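Written out below as structure tokens is the structure these notes cover.
Rule-based calculations on the coordinates, nothing more; no lab input. Nothing here was measured: the structure is a model prediction, and the numbers come from that model. Neighbour counts run over all protein chains shown; Cβ positions are idealised from the backbone, glycine included.
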């Protein structure tokens, strides 16, 4: 990995009175799970910086890595008709940073920010420091302070993907034939009326 210059972001943190210092990770931490694995902390202690367009205006949601943002709830919180994930070009224009490394601060102009109350569960939370390989330790209260953000319940706990249950009749049937197509499977798994 080439050397990462985080001096500008570190300067922003110092100017804001943040005690934690920027740390460079050996691997990209573009997801909460990747960051948590490298830091040895719970996924919920990762403060994801997610950029949304709220009626076309930038909105930063600092959410726990354990949460999935509920855009309907967020729209209601900020009084917007539509809240949707910003595209990569908008993220770069609004934050000056790339997706996967967006920090809570250091943007060309202040961005309206919501901070997930779930992060208050942790004494230390980790946020991106302007680059996918950099993070810094902070706290819920400090995130609210440095972003000028509003604390809010922004989402729900992530759930593992649902798996489709096998039809009840599978236990009585032999495995599907090797050449069975999607149409074949559909016929075989079609619900039968009760009592048949």
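The Cα-based radius of gyration and maximum Cα-Cα distance (Dmax) for region 7-157 are 13.9, 41 Å. Show log10 I(q)/I(0) for region 1-77 at q = 0.11, 0.24 Å⁻¹, two decimals, from a solvent-free Debye sum over equal Cα scatterers. With one equal scatterer per Cα and no solvent, log10 I(q)/I(0) is -0.39, -1.17.
How do 25, 16 rank when sorted from fewest to most other Cβ atoms within 10 Å of their own Cβ? Write down the numbers at each step before the final one.
On the way: 25 20, 16 14.
With the sparsest Cβ surroundings first, the list reads 16, 25.
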